[in-house]
Amino acid sequence: METPVSLPSELRAFLHACIDGIEQIDILLLLRGSDRGWTTREVAAAIRASEPATRMHLQTLTARGLLDAKPGTEVLYRYQPRTAALRGYVDLLVEHYVRSRSDVITFVARQARQGIKSFSDAFKLKKPD
C-alpha cells in the first residue's frame with residue numbers, strides 16, 4: 001500500500017493506532033477547539049452524524065486517552081489527552097490536516113479499507129486439500 005509521503009511516520013503511526021475514521025478526526029478537531037464539555041447529541045449535530053455512531057467514536061477516543069468523559073445527567077466529553085505525547089500527536093495531526101487534508105483523509109480511508117478487507121479475508125473458505 002502506497003502512503004502519502006507528506007505524512008511523517010510518527011503521524012502515520014498515531015493515525016493507525018488511534019484513529020478509525022474521518023469522523024473521529026472531526027470530533028477531535030471540534031473538541032480541541034472548545035473549552036467546554038460536549039454531549040453526544042451536540043457532537044453528533046455538529047459533525048452531522050448519527051448519535052449511536054458518534055457515541056461509539058466518543059467512547060473509543062476516550063478509551064484511547066484523547067478525551068475525558070464526565071458522567072452526569074448526560075456524559076460530557078472534553079478534549080483532554082492523557083499524556084503530553086498524545087497531545088503532541090494531535091497537534092501534528094491538526095498541522096497536517098490543515099496543510100494537506102487530502103493526504104490525511106486518503107491515509108485514513110486506505111487504512112479503514114485495509115481493516116475491512118482483513119476482516120472479510122478471515123471468513124474466506126479454504127479449498128480442501
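The values are calculated or read from the model by the stated rules, or taken from the named source; none is laboratory data. Quantities reported herein were computed from a predicted structural model and do not represent experimental measurements. Using ideal geometry, Cβ is built from the backbone for each residue, glycine included, and neighbour counts are taken over all protein chains shown.
Of the residues examined, ASP103 is one that is among the acidic types (Asp, Glu), at pLDDT below 95 and in a helix (DSSP H, G or I). Of the residues making up region 46-63, those that are without any contact (Cβ under 8 Å) to a residue 24 or more places away in the chain and either under 18 Å from LEU29 (Cβ atoms) or in a helix (DSSP H, G or I) (or both) number 9. Just one residue in the set ASP20, ASP35, ASP68 is at pLDDT 95 or above, out of contact with any Asp or Glu (no Cβ under 8 Å at 6 or more places or on another chain) and not small (Gly, Ala, Ser); that residue is ASP68. Checking the structure you have, find out if any residue of region 48-60 is of a type outside the set (D, E, K, R), at pLDDT 90 or above, surrounded by fewer than 16 Cβ atoms within 10 Å (Cβ to Cβ) and touching a strand residue (DSSP E or B) at 6+ places or on another chain (Cβ under 9 Å). Within region 48-60, one or more residues are of a type outside the set (D, E, K, R), at pLDDT 90 or above, surrounded by fewer than 16 Cβ atoms within 10 Å (Cβ to Cβ) and touching a strand residue (DSSP E or B) at 6+ places or on another chain (Cβ under 9 Å).
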